[in-house]
Amino acid sequence: MLFNFANVLLILIGGFVFVAINLILSRFLQTRLPSIEKEMPYECGEEPIGDTRIKFNTRFYVIALIFLIFDVEIVFLFPWGVVFRKLIEDGAGILAFGEMFVFILILLVGLAYVWAKGDLEWIRSIQSVQEEKT
Amino acid sequence: MRQFFGIFGNLSEVTVGSSKPLAGLLLEILPPLPAFLEEYEQLLAMITACGIFVGVVPLIPLVLVLAERKVSAFIQDRTGPMRVGPWGILQTLADGVKLLFKEDLIPPYGDRVLFRLAPYIIVCFSLAAFVAIPFGAIDLGDERYVFIVSNLNIGIFYILAVSSVIVIGIIMAGWASNSKWSLLGSLRSAAQMVSYEIPVGLSILSVIMVVQTLNMQGIVDQQDGGLHSWLIFRTPFSFIAFFVFFISAIAEVNRTPFDLPEAESELVAGFHTEYSGMRFALFFIAEYANMFAVCAIAVTLFLGGWQGVLPGIDILGGLPGFVFKTLFLVFVMMWIRWTLPRLRVDQLMNLCWKYLIPVSFFNILGVGIWMLIFGADTMDMKSLGPSLVVIVIAVFILLKQVFKGVSGTKRETTPVPSS
């Protein structure tokens, strides 16, 4: 099996070499004339205002967390999917399906909860956040 | 040295069924090596096979960028690039050379190491997705050689894993650039890509339940019975799964109508705002290579891979057939890009979390129930027949609705003649 993954390693090395050759070639062919204006962060021609590492929407964290739960779930579903047909042929189909149905149901309840709480809304009105606090 | 390479095992171990990867074909057709290299002939064959892919994949964007410009031109009633070469076919090459000569700036206040590392990660891992895609096959003697770098037994799972590493590269690029546009663009891009990974994974799962293998060549082998054996037609739910997969794939590669990370009107150019010259070109290569990869995966999983339309007869089969089907899907993506306007962020997230994910869960349960009722063997006429009937009726009803809507809107917009 390692033989197969050696190919993946070789492709990654190949990609690395490809990028490196391009960048080195480009380094020797280009002229570099740095100036203060060029090195400024691009903000549509205006002088940059404030720190770049701005505060961003907490939605991103929430989405990442929900994603994590569902992704782990998919990892659990894959082995079941691979053997499902064999289980049906062995006569255990309804049991296998029932167990996975319960598993998916639990996670769908989770999705429904997040949905009902309004965490799937990208834009939340100030009112709804305040209602939640009280 | 030999022992060191010995841990990789042997080529004969990796044959799945009767098919061998590209390295095996190279060993077969290339002339024998000089004596002092014979020990390493398998390793050299592997390196050559990988070298071919590393060489060919960056050429795909050269074609696709030109195709995109030509398609957009024809949709908008223009001619597109016409000056460089006949009908402008050398335009992308000229652009590439131009970018090679351009100064690439590295923002001095950003994180210089991450800024340099990001293109490496994005290009390497979009190349890595091509490892497990079977592009075609050739029969030599009684052996079948598949054009695949490595016939991984967890093929499709590996592709899912590798394609999500690209998100890390995008976040790196955005964070290191020290620009607000880049930061916001990369965060949006990451949120979008991870969200749409779930519908992708779930639609792949509904295929896996039918074929019960994760091996990409194994999936293609089960579709060798002609058009009706393609996995898209096996159950009515895999028909839905194909569309869920394709919509999510468009979002995964950040294309219109889901190209919010690069929305010019609000974020300039998204995560690669600060990149210029060759580094920018590398992002472009990765983007178009990804686009080709997701279409190739869609073809492999749902549209028969390199298998032809009719059993035994090689129409639309083999390497040319595979490339044709993939390029057709790529064309559909371009068509969508130049037809639909961009979504808003909240619409984008709603579509994923409130429509696609519940629909794909429903799909999985549907496939399960279908297999329980109509038997586990979906190639059996007892299961395939009802499936085809349901799909045909559903498509018919859908088309009827669509055309009803079209003629209805036309009637509304027609000005009433005043008498």
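Observations on the structure shown:
- Along its first, second and third principal axes, ordered by size, the protein assembly as shown spans 83, 71, 63 Å in Cα coordinates.
- Rg followed by Dmax, in Å, when the range B:19-123 is reduced to its Cα trace: 20.9, 61
- Order by protection proxy (mean Cβ within 10 Å, highest first), peptides B:337-348, B:41-52: B:41-52, B:337-348
- For the range B:104-397, the Kirkwood hydrodynamic radius from C-alpha pairs, put into Stokes-Einstein at 25 °C and a viscosity of 0.890 mPa s, yields a diffusion coefficient of 122 µm² per second.
- The charge dipole of the range B:304-396, taken about the Cα centre with unit charges on the Cβ atoms of Lys, Arg (+1) and Asp, Glu (-1), comes to about 440 debye, rounded to the nearest 20.
- Shown here: the range B:125-258, whose C-alpha atoms stretch 58, 35, 22 Å along the first, second and third principal axes, sorted largest to smallest.
- For chain A, the share of alpha carbon pairs falling in successive 5 Å distance bins from zero is 2, 7, 8, 8, 8, 9, 11, 12, 11, 9, 7, 5, 2, 1, 0 percent.
- Spatially proximal aspartates and glutamates relative to B:Lys404 (Cα-Cα < 19 Å; intrachain offsets below 8 disregarded): B:Glu412
- Gap separating the Cα centres of the range B:165-191 and the range B:61-106, nearest whole Å: 26 Å
- The range B:234-262 versus the range B:264-284: alpha-carbon centroid distance in Å: 24 Å
- Summing Cβ point charges (Lys, Arg +1; Asp, Glu -1) relative to the Cα centre of the protein assembly as shown gives a dipole of roughly 1200 debye.
- Cβ-based charge dipole, the protein assembly as shown, positive-most Cα from B:Ile357, B:Val332, B:Tyr158: B:Val332
- The range A:81-113 and the range B:342-369 have their alpha-carbon centroids 19 Å apart.
- Excluding exposed DSSP-loop trypsin sites (Lys or Arg not before Pro) (at most 16 other C-beta within 10 Å), longest clean stretch of chain A: A:56-123
- Shown for chain B are the DSSP H helices of 20 Å or more along their axis, judged by Cα atoms, with a mean Kyte-Doolittle hydropathy of at least -1.0: B:41-56, B:59-75, B:112-128, B:155-176, B:180-211, B:236-252, B:277-302, B:318-337, B:357-374, B:381-413.
- Size of electric dipole in chain B: Cβ of Lys, Arg +1 and of Asp, Glu -1, about Cα centre, debye, nearest 20: 1440 debye
- Of the residues A:Gly93, A:Cys44, A:Pro34, the one whose Cα sits farthest towards the positive end of the charge dipole of the range A:14-134 is A:Pro34 (charges of +1 on Lys and Arg Cβ, -1 on Asp and Glu Cβ, taken about the Cα centre).
- Note on B:Gln347 and B:Ile393: with the Förster distance fixed at 35 Å, the Cβ-Cβ geometry gives a FRET efficiency of about 0.70.
Computed from the coordinates by the stated procedures, all read-outs in this text should not be read as laboratory data. Please read these numbers as outputs of a predicted model, since none were measured by experiment. Glycine gets a Cβ as well: all are built from the backbone with ideal geometry, and neighbour counts include every protein chain shown.
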